[in-house]
Amino acid sequence: MNFNLLIVDDEKNIREGLGKALEMDGYTIMLAGDGLTGKEAVETNDIDLVIADLKMPGMSGEDLLKYITTSYPTIPVIILTGHGTIENAVNAMRDGAYDFLTKPVNLDRLSLLVKRALSKRELIMQHEALQDEVERIRKKQLYSNIIGKSSQMKKILEVVNQIASTKASVLITGESGVGKELVADAIHNLSNRRGKPFIKLHCAALSENLLESELFGHERGAFTGAVARKRGRFELAHMGTIFLDEIGEINKNVQIKILRVLQEKRFERVGGEETLEVDVRILAATNKDLKKEIELGNFRDDLYYRLNVVNIHVPPLRERKEDIPVLAAAFLKEFSEENGRDLAGMDPKTRNALYNYPWPGNVRELRNCIESAVVMSKGNVITLEDLPPTITSESEGNYIKIGIGTSLAEAEKTIIRSTLNSNSGNKSRTAEILGIGRKTLHRKIGEYGIEG
C-alpha cells in the first residue's frame, strides 16, 4: 500500500531533507512551509500521516495538531521539537500527537515511528471498513440482529423474509450456539404477529411435569404446590408466536399434547376440564437430528412433520468463515462501548487466529471470546495475547515452516498449498485469507502445478 506523508516545517532544509529520507522508504511526500499551508494540504489531499514542527510562525504546529485530531482523528501526527520545548511536546502528546522527536532528527528513529504509526492507522481504517460493512449488511436486511455476508446466511434471510408473514410452523436446526433463536426472533418481528406476544421456552431446562405445566398451565390443586391457577405459555402466546427451543428434549407425553395444539388449536390446563382454543404460530429449534430420534423411538414422526413445514438449517460457523470478520467487528464495537474502551481494531495475527479457529461453540463462543479480549486488552488494539488461551493454542498449529534459502516461488507454492489444504480445497476462502483475487489464485495453482 502506498502512503502519502505530509511534512510541515518552516525550515526548508529540514523539511526537504526529511522528505528525501522518507522517499527512500517508499512513501509519497508532500511538503508545506507553514501550518496554514499544511492545513490546506490535509483538507485537499488524501494524507495518511503528518510530521509537523511544533513552533512555526502563523499557524503553529500545536494549532495544526488540534485541528487534525479534531477534524481527521485517524491521521497520526508526529511532532518535531527543539530541546528547549520538550515540555510543549509532552503537552502535544496529551492533545493527540502520536509521538514526538527532538531536533536534530534521528532518521532511523523517525522511520520506525512512521512505520508504527501507519501500521496503527491501517488497523483503524480496516476496523472502520468492517464497521461500515456491518452497517451496510444491517441496512440491506429487514432484521438487523442477524449479521453475516456468507451465501448461507443470505439464503437463510431470504427464506425468513419469504415465510415470515405466513402461518407456517418452522423448525430451525443447527448446532448449539449458531444463532437459532435469532432466526426465530427475525421471523416473529417480520411477521404480521410482531405486535402480539412472543413467548419463548427452553424445553431442556425443565422436568416433564414442570414442562407440561409451563406449556399448558394448571388449575389450583392439580398437584402438590399448585396453590393457584396458572396460565401456560400457549395461553399467553394467543394471537402471537411461541418459540420452543430444544424441542428434541421433550418426552412423548408432552409431544402428543403439542401435536394436538398444532392440529386442533386446543388444549386443557393440567388438572382442568375446560378446553381452551388458541391461535398460535409455533417456531421450534433443535440441535438434534430429529429423523434419527424418530428411528430411535424418541420423537413422534407426526409431530416432526407438523413442525417441519418449513425447515431452516443454520450451518456452524466453521462452514461460513466469511462471517467471522463482520461478526467479530460487530461484537468488538458492542463490547467496546459497553465497557468504555476505545479500541482501534485487531492486529493481523489476531484476525488470522480467529479465522483459523474451528469454533466448536459457534457464534456464541466467538461473542464470548471478543468480550473477553476487550476486557483483557492492555492497549487500544486487540492482540493475540488478549485472546483466550484456547484460541491462541489452536492457532499455533497454523504456521508454516519455510527454511532459509528457500526461493520466493517455492515459498509461495508452499503457502498456497498449505492454505488450500487447511480450508479443504475451498479456493474462495484461500484467496480471502491470502489477500489475493480468485483469478490470481487459479493462475498460481496452474503455474505451480498444485493439486487440490
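The figures follow:
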| quantity | calculated |
| --- | --- |
| Longest to shortest principal axis, alpha-carbon extents of the stretch 161-240, angstrom | 45, 29, 16 |
| Förster radius 45 Å - calculated FRET efficiency between Ser393 and Gln263, Cβ distance, rounded to 0.05 | 0.30 |
| Estimated FRET transfer efficiency when R0 is 56 angstrom, pair Glu274-Thr28 (beta carbons, to 0.05) | 0.10 |
| The stretch 318-398, relative contact order [Cα under 8 Å, separation at least 6], % | 36 percent |
| Beta bridges per DSSP with both ends in the chain, % antiparallel, nearest 5 | 10 percent |
| Positive-end residue, the chain charge dipole about Cα centroid, Cβ charges, pick of Asn311, Ser393, Leu6 | Asn311 |
| Computed magnitude of the charge dipole of the stretch 4-125 (debye, nearest 20; Cβ of K, R +1, Cβ of D, E -1) | 320 debye |
| Dipole of the chain [Lys/Arg +1, Asp/Glu -1 at C-beta], most positive-end residue of Gly195, Phe335, Ala353 | Gly195 |
| Relative contact order of the chain, defined on C-alpha pairs under 8 angstrom at six or more residues apart (%) | 12 percent |
| The chain - charge dipole about Cα centre, Lys and Arg +1 at Cβ, Asp and Glu -1, debye rounded to 20 | 1520 debye |
| The stretch 284-421: C-alpha gyration tensor shape, a/c 1.5 cut-off, then a/b vs b/c | oblate |
| Cα convex hull volume per residue for the stretch 96-231 (Å³) | 244 Å³ |
| Calculated on alpha-carbon atoms, Rg and Dmax of the stretch 163-315 in Å | 15.0, 45 |
| Structure-based [θ]222 nm, the chain - -39500 (n - 2.57) summed over DSSP H runs of at least 4, per residue, nearest 500 | -15000 deg cm²/dmol |
| Extension reserve of the Ser372-Lys439 stretch, reckoned as 0.36 nm per residue once the Cα distance is removed | 20.3 nm |
| Residue order, fewest to most beta carbons within 10 Å, for Phe234, Phe198 | Phe198, Phe234 |
| Among beta bridges that DSSP assigns inside the stretch 162-313, antiparallel share in %, nearest 5 | 20 percent |
| Reported label for calculated Rg/Rh (Cα atoms, Kirkwood Rh) given (1) 0.99; (2) 1.13; (3) 0.96 | (2) |
| Ranked Met125, Met30, criterion: other C-beta atoms within 10 Å, fewest first | Met125, Met30 |
| Burial ordering of Glu128, Glu175, Glu43, fewest other beta-carbon atoms within 10 Å first | Glu43, Glu128, Glu175 |
| Zone of Arg364's modelled label, taken as backbone nitrogen in the stretch 284-310 under 19 Å from a point 7 Å along Cα→Cβ | 284-290 |
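None of the figures in this text is laboratory data; all of them are computed from the coordinates on show. Everything numeric in this text was worked out from a predicted model, so none of it was measured. For neighbour counting, all protein chains shown are included, and Cβ atoms are generated from backbone atoms with ideal geometry for every residue, glycine included.
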